[in-house]
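Peer 1: Dropping the structure in here first, questions after.
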Amino acid sequence: MSRLVSRRKKKKKKNNRRIIAVIAVIVLIIIVALVVHGCQEKKAQEAAAKAAEEQYDSADASDSIDVELLTPNKYSRPEIKLEKVKGIVVHYTANPGSTAMENRNYFEGLKDSHKTFASSHFVVGLDGEIIQCIPTKEVAYASNDRNSDTLSIECCHYAENGKFTEKTYSSLVKLCAYLCHRFGLTQDDIIRHYDVTGKNCPKYFVEHPKVWKRFRADVKTALDNKDWNLDIIS
Ligand SMILES: [Zn+2]
């Protein structure tokens, strides 16, 4: 009798062990499955993020110039011939958060408002987009005494200190490199509005001479590497 009980106990113990083993195997399989699934999900997320980034890159507005020429009028597009381009003048809008199109439309609106005489050949936006307002063969009203022999570029900014976003900076470098190439200029022919009149414009480049120096060096690098992928038709 006691031997029978002992055998039954042993059998029960054995069965328990089997059940535990089976449960352990199931748990292990579940863990492995979860880990594999997690990895796959992470990979899928990474792939999706990469695809989105690539899509963003290919849609980079800095790769093309949006030509939105102003209506000829004496306040912002006087149609005065620009005989020879001898330099490029960089400006900042001094209007934090305003977009390239808003600045372009402000120039356009001067034909009706008659508030002042102002314009710029190009406006570089907060996302690096480039809008052309005046053909390169015409004078813009941006750089005082140098209107007659320079192209002008207005740059948008969020910061009160006038610092440009990376996208704005990058597009500005490319645009300047392209214009240097197109009109036979070098990085030394790029100047600040400050260099013409002493005005604190573009503020960040005036207050940080080292950053201005590095900007010109970046233009030289872009010029050497033909890194622009831009074209101007007017
Ligand atoms: Zn200026």
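The values are calculated or read from the model by the stated rules, or taken from the named source; none is laboratory data. Keep in mind that what you see is a predicted model, and the values were worked out from it rather than measured. Here Cβ is always computed from backbone atoms with ideal geometry, including for glycine, and neighbour counts include all displayed protein chains.
Peer 1: Do you know which residues across region 188-199 are near the ligand (Cβ under 9 Å from one of its atoms) and either in contact with a helix residue (DSSP H, G or I) (Cβ under 7 Å, 6 or more places away or on another chain) or under 23 Å from Asp224 (Cβ atoms) (or both)? Reasoning before the result, please.
Peer 2: Step one: list which residues in region 188-199 are near the ligand (Cβ under 9 Å from one of its atoms), which gives 192-194, 196-197, 199.
Listed by number, the residues that qualify are Arg192, Tyr194, Val196, Thr197, Lys199.
Peer 1: Tell me the strands (runs of 3 or more DSSP E) entirely within region 117-184 that contain at least 2 residues that are more than 15 Å from the ligand (Cβ to nearest atom) and of a type in the set (A, V, I, L, M, F, W, C). Let's see the steps before the verdict.
Peer 2: Details: elements: 122-124, 130-132, 150-155.
Correct list: 130-132.
Peer 1: Within region 41-73, restricting attention to residues that are within 16 Å of Ser234 (Cα to Cα) and either among the hydrophobic types (A, V, I, L, M, F, W, C) or modelled with pLDDT of 95 or more (or both), which residue is nearest to the ligand (Cβ to nearest atom)?
Peer 2: Among them, the one singled out is Leu70.
Peer 1: With the structure loaded, tell me whether Asn225 is polar (S, T, N, Q) and in contact with a His (Cβ under 9 Å, 6 or more places away or on another chain) or whether it fails that test. Spell out the reasoning first.
Peer 2: Details: polar (S, T, N, Q): yes; in contact with a His (Cβ under 9 Å, 6 or more places away or on another chain): no.
So Asn225 fails the test.
Peer 1: Looking at region 74-94, which of the residues that are part of a strand (DSSP E or B) and farther than 14 Å from Arg146 by Cβ is nearest to the ligand (Cβ to nearest atom)?
Peer 2: Of everything passing the filter in region 74-94, Tyr92 is nearest to the ligand (Cβ to nearest atom).
Peer 1: In region 201-216, how many residues are crowded, with 16+ Cβ neighbours inside 10 Å and within 16 Å of the ligand (Cβ to nearest atom)?
Peer 2: Summing the residues that are crowded, with 16+ Cβ neighbours inside 10 Å and within 16 Å of the ligand (Cβ to nearest atom) in region 201-216 gives 8.
Peer 1: Something else now. Do we have any residue at all in region 150-158 that's touching a Gly at 6+ places or on another chain (Cβ under 6 Å), farther than 28 Å from Ile80 by Cβ and modelled with pLDDT of 95 or more? Spell out the reasoning first.
Peer 2: The first filter runs over region 150-158 and keeps only residues touching a Gly at 6+ places or on another chain (Cβ under 6 Å), leaving 150, 156, 158.
Checking which are farther than 28 Å from Ile80 by Cβ leaves us with 158.
After this cut, where a residue has to be modelled with pLDDT of 95 or more as well, the list is 158.
Among the residues of region 150-158, at least one is touching a Gly at 6+ places or on another chain (Cβ under 6 Å), farther than 28 Å from Ile80 by Cβ and modelled with pLDDT of 95 or more, which makes the answer yes.
Peer 1: Something else about it: Please indicate, with yes or no, whether at least one residue in region 145-161 is surrounded by fewer than 24 Cβ atoms within 10 Å (Cβ to Cβ) and at positive phi.
Peer 2: Looking through region 145-161, none of the residues is surrounded by fewer than 24 Cβ atoms within 10 Å (Cβ to Cβ) and at positive phi.
Peer 1: Among the residues of region 127-161, how many are over 28 Å from Glu79 (Cβ atoms) and touching a Ser or Thr at 6+ places or on another chain (Cβ under 9 Å)?
Peer 2: Our first condition is that a residue be over 28 Å from Glu79 (Cβ atoms); within region 127-161, this holds for 127-128, 157-161.
Checking which are touching a Ser or Thr at 6+ places or on another chain (Cβ under 9 Å) leaves us with 127-128, 157-159.
Result for region 127-161: 5.
Peer 1: Inside region 187-231, counting only helices (runs of 4 or more DSSP H) that do not spill past its ends, which hold 1 or more residues that are farther than 17 Å from Thr150 by Cα?
Peer 2: On the way: elements: 193-197, 203-207, 209-224.
It comes to 203-207, 209-224.
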